[in-house]
1. Against the definition (under 25 Å from residue 113 (Cβ atoms) and surrounded by fewer than 15 Cβ atoms within 10 Å (Cβ to Cβ)), how does residue 76 come out, yes or no?
2. Testing residue 95 on (1) polar (S, T, N, Q); (2) at pLDDT 95 or above; (3) surrounded by fewer than 19 Cβ atoms within 10 Å (Cβ to Cβ), one condition comes back false. Which one is that?
3. Out of 2, 83, report the one residue that is in a loop (DSSP other than H, G, I, E, B), at pLDDT below 90, of a type in the set (A, V, I, L, M, F, W, C) and loosely packed, with under 15 Cβ neighbours inside 10 Å.
4. Among the residues of the stretch 72-80, is any within 20 Å of residue 31 (Cα to Cα) and of a type in the set (Asp, Glu)?
5. Return a yes/no flag: does the stretch 145-155 have any residue that is farther than 29 Å from residue 210 by Cα and surrounded by fewer than 16 Cβ atoms within 10 Å (Cβ to Cβ).
6. Against the condition under 18 Å from residue 89 (Cβ atoms) and either in contact with an Asp or Glu (Cβ under 8 Å, 6 or more places away or on another chain) or buried (at least 16 other Cβ atoms within 10 Å of the Cβ) (or both), how does residue 200 come out, does it pass?
7. Considering only the stretch 44-60, I want to know if a residue exists there that is closer than 25 Å to residue 163 by Cβ and over 16 Å from the mean Cα position of the chain (by Cα).
Amino acid sequence: MANPPIIEVSGLQKSITNGGRTVEILRGIDLAVPKGQFIAIMGPSGSGKSTLLGLLAGLDSATAGSIRLDGEEITGLAEDELARVRGRKIGFVFQSYQLIPTLTALENVLLPLELAGSSDGRARALELLDAVGLGARQEHYPVQLSGGEQQRVAIARAFIGRPPVLMADEPTGNLDSSNGAHVLELLLALNQREGTTLVLVTHDESLAAHAGRILRLRDGRIAGDELR
């Protein structure tokens, strides 16, 4: 019997009400992502791709439908339970890095483990900083790092807890093409080494070309699903 998908989405809907008017953002998404797959989610602005990623990561709540993450139903969970699931199962890379300015690179990488109550991660954090080429910058603060270096710290942080799923929202969106290419290369190399499932939102066709599968959204629905 085949292993169940690591991400299962059924009938997923998301709408918001603004000034008495309801706006439908996602209009019934069905999706199954096998373990280890690299899937890129694409679509024009307003298509719902970042909303979908936020729902998959438990950062937002659905209006209707079901999301199972690594066998666990996450729709309807209380915030503390969602936080527990995120801490164990998801690494997240943001477009804007989201580093804590008062923490060093090493402390930023260690932060998810400390929030989870673990104090035994220094060796792995140093190994990950070495893997992204920042072993010598471990004591530097974000303000002392370039944008590309900050994103590399964020990637190391995302992998620190060995999450089964890594999600990235436009991870190269704030970087020039050279830094963006380098960050993508590091992300893919680490992802392959760690054996995680990678879900990436991007508008960049050249970045999506590295994915094994491209999901295209339009007007809150799946307009294309290409296995490469």
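1. No; evaluated as a whole, the condition is false for this residue.
2. (2)
3. After ruling out the rest, the residue left standing is 2.
4. Checked against the condition, which is being within 20 Å of residue 31 (Cα to Cα) and of a type in the set (Asp, Glu), the stretch 72-80 yields at least one hit.
5. No, the conditions are met nowhere in the stretch 145-155.
6. Details: under 18 Å from residue 89 (Cβ atoms): yes; either in contact with an Asp or Glu (Cβ under 8 Å, 6 or more places away or on another chain) or buried (at least 16 other Cβ atoms within 10 Å of the Cβ) (or both): yes.
So residue 200 passes the test.
7. No, the stretch 44-60 contains no residue that is closer than 25 Å to residue 163 by Cβ and over 16 Å from the mean Cα position of the chain (by Cα).
Condition check ((1) within 22 Å of residue 196 (Cα to Cα); (2) hydroxyl-bearing (Ser, Thr, Tyr); (3) modelled with pLDDT of 95 or more) across all residues:
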{"site": "16", "(1), (2), (3)": "no, no, no"}
{"site": "22", "(1), (2), (3)": "no, yes, no"}
{"site": "30", "(1), (2), (3)": "yes, no, yes"}
{"site": "61", "(1), (2), (3)": "no, yes, no"}
{"site": "79", "(1), (2), (3)": "no, no, no"}
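The values are calculated or read from the model by the stated rules, or taken from the named source; none is laboratory data. Because the structure is predicted, anything quoted here is derived from the model rather than measured. Reconstructed Cβ throughout: ideal geometry from the backbone, glycine too, with neighbour counts over all protein chains shown.
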